[in-house]
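Enquirer: Handing you this structure, nothing more for now.
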Amino acid sequence: MDPAAYVPDVFDPRIYGAGIPYESYRLLRDRHPVAWQAEPEIQGWPAGPGFWAVTRHADVARVLRDHATYSSWLGATQIRDPDPADLPFLRRTMLNQDPRRSAGDHGRLRRLVSRAFTPARVDAFAGRVRDRARTLLATARAKAEDGAADLVRTVTDEYALLNLTDLLGVPAADRGLLLEWTVRIIGYQDPEDAPAPLLGPDGKPLNPRSPALLGEMFSYARELAAHKRAHPGDDVMTALAEAGLDPAELEMFFFLLTVAGNDTVRSAAPGGLLALARDPGAYRLLAGGRAPMHTAVDELLRVHPPVLSFRRTAAVDTELAGQPVRAGDKVVVFHASANHDERVFTDPERLDLGRTPNAHVSFGDGPHVCLGAHFARLQLRVLYEEWRAAMPAPELAGPPRRLVSNFINGITRLPLRVSGPAG
């Protein structure tokens, strides 16, 4: 085979359990920036029709911005096709809407969330976030075994979850439910991370995002909203409960905020610490104050984006990077590849904590750019600041374990040294 004709597979979720396939991404960017990928049956999940993998930064940004050509509404935003019966349900969330097709709903829902997620409300939680980071890190040190701890289990999972539930206004007794739902929905491709999938009548796994499997979460959302109407507080669920949403919109908002709001930091926080552990020189710059924390946070997000891919569906016949794309084709953007595109980032393999400008797409782009980005950056900045103040330089105490997923860039185990002087 002509080496120039080789198209590496970047679909199989098991690839990502071993590591992000940067070399495959580089080959695609250089030779096949819009490359056809097969969708075989894997681990019981059914085969699909295939899709176009988009790997260059400029093309990723174009797809994310051009909602008229590349639709979230037509086929939702996961690579695998949803059950057609589930599609009307999935379109209730603004993540799976287009400003062009659902201008009233999409704009109205984004405005509601923007008002609920105001920077002032988020910043009011900064002190609580810092206290939590400080407490969790101190507890990890106190309970360390042989001077090491799994930072995912002892710090970052709880840190992300409790910060989100504080912002939402979820009672402390119910917070474990949110983590359980997140693991079930996000980790479904990983046989070790998620519970065994429920099977349909045909023996195939049921999509954990289907309405049949979300009834418990939706029932809870309705009960919590009713409680907030009777007992309002300065939290996001009170704002949403009083916003005049219909029950289906409220349920889907709760679903989106619970899963996306939790897993963004749940994935990014251990990923950033792992990147620092693998580059002691970069960490010394950060610890010594020679790399600004705000640029460091964005650089760590560039090298470890929380989300690996998002799907769109071509609404019309078009052309992308010289490749004809037909209406109805699936078009999947790969964030980690775009963030390493040499056409945009000088020396992209280097962790440059002072990198500026930094045009990463870790929070997306266009009409679906992440509304919780300010809250995520706040949490990451505070965690790294508290680590720098109280913990030793990050050092691996064993092999990390990655989530088996082509969607979420997750770390499920991160053993780090936690005993020793700060710095």
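Enquirer: Taking K and R as +1 and D and E as -1, what net charge do the other residues with C-beta under 13 Å from the C-beta of Phe345 add up to?
Expert: Combined, the nearby Lys, Arg, Asp and Glu give 0.
Enquirer: Which value, to two decimals, describes the C-alpha radius of gyration of region 246-379 once divided by 2.2 N^0.38 Å?
Expert: Compactness ratio reported: 1.23.
Enquirer: Still on this model: Which of the DSSP-defined H helices in the chain satisfy a minimum axial length of 30 Å, computed from C-alpha atoms, and a minimum mean Kyte-Doolittle hydropathy of 0.5?
Expert: 247-277
Enquirer: Using a 1.4 Å probe, how large is the accessible area of Glu41, given in Å² and rounded to the nearest 10?
Expert: For Glu41, the solvent-accessible surface is approximately 100 Å².
Enquirer: State the percentage of accessible surface on region 238-393 attributable to carbon and sulfur atoms; use a 1.4 Å probe and exclude ligands, DNA and RNA.
Expert: Whole-percent figure for carbon plus sulfur exposure: 52.
Enquirer: How would you rank 318-324, 60-66, 397-403, 374-380, highest first, on the average number of other Cβ atoms within 10 Å across their residues?
Expert: 374-380, 60-66, 397-403, 318-324
Enquirer: Quick one: compute the contact order of region 32-186, relative version, from alpha carbon pairs under 8 angstrom and 6+ residues apart, as a percent.
Expert: Answer for region 32-186 is 11 percent.
Enquirer: With runs of 4+ DSSP H residues as the only contributors, calculate the mean residue ellipticity of the chain at 222 nm using -39,500 (n - 2.57) per run, divided by the residue total and rounded to the nearest 500.
Expert: -13000 deg cm²/dmol
Enquirer: Ala144 versus Asp347, label points 7 Å from Cα toward the beta carbon: distance in nm?
Expert: 3.1
Enquirer: With a bin width of 20 angstrom, please list the P(r) values of the chain as percents of all Cα-Cα pairs, from the 0 bin to the one holding the largest distance.
Expert: Spelled out per bin, shortest first, that is 26, 60, 14, 0.
Enquirer: When only Cα pairs under 8 Å and 6 or more residues apart are kept, what is the percent relative contact order across region 208-300?
Expert: So the answer I get is 20 percent.
Enquirer: Now for a separate question. Could you tell me what percent of the accessible area of region 1-42 is made up of carbon and sulfur, with a 1.4 Å probe and every protein chain present?
Expert: Carbon with sulfur: 56 percent of the solvent-accessible area.
Enquirer: So for each of 363-369, 347-353, 260-266 I average, over its residues, the number of other beta carbons within 10 Å; can you give me the resulting order with the highest mean first?
Expert: Ranked from most to least packed, the peptides come out as 260-266, 363-369, 347-353.
Enquirer: Can you find, among Gly423, Val333, Leu74, the residue sitting farthest towards the positive end of the charge dipole of the chain, where Lys and Arg contribute +1 and Asp and Glu -1 at Cβ?
Expert: Gly423
Enquirer: Note down the relative contact order for the chain as a percent, whole number, built from C-alpha pairs under 8 angstrom at least six residues apart.
Expert: After rounding, I find 26 percent.
Enquirer: With every protein chain present, what is the per residue accessible area of the chain (1.4 Å probe, Å²)?
Expert: 40
Enquirer: Keeping every protein chain in place, order Trp73, Trp181, Trp36 by accessible area at 1.4 Å, biggest value first, i.e. largest first.
Expert: Trp36, Trp73, Trp181
Enquirer: Right, next: What net charge do the residues around Leu380 carry, taking every other residue with its C-beta under 14 Å from that of Leu380, with Lys and Arg at +1 and Asp and Glu at -1?
Expert: Around Leu380, the charge tally is +2.
Enquirer: Okay, next question. Ignoring everything but the protein chains, give the 1.4 Å probe accessible area of Arg14 in square angstrom, nearest 10.
Expert: 120
Enquirer: Go through His294, His67 and list them by solvent-accessible area, largest first, probe radius 1.4 Å.
Expert: Of His294, His67, the descending order of accessible area is His294, His67.
Enquirer: Also: Regarding region 300-423, what are the three Cα extents along the principal axes, ordered largest first, in Å?
Expert: Dimensions of region 300-423 along the principal axes of its Cα atoms: 60, 32, 29 Å.
Enquirer: For Glu158, Glu251, write out the residues from largest to smallest accessible area, computed with a 1.4 angstrom probe and no ligands counted.
Expert: Largest accessible area first, the list is Glu158, Glu251.
Enquirer: Any chance you could look up the accessible area of Glu145 with a 1.4 Å probe, heavy atoms only, rounded to 10 Å²?
Expert: Rounded to the nearest 10, the figure is 140 Å².
The values are calculated or read from the model by the stated rules, or taken from the named source; none is laboratory data. Since we're looking at a predicted model, the values are computed, not measured. Here Cβ is always computed from backbone atoms with ideal geometry, including for glycine, and neighbour counts include all displayed protein chains. Note: areas computed on protein heavy atoms with side chains; ligands, DNA, RNA excluded. Shrake-Rupley method; radii C 1.70, N 1.55, O 1.52, S 1.80 Å.
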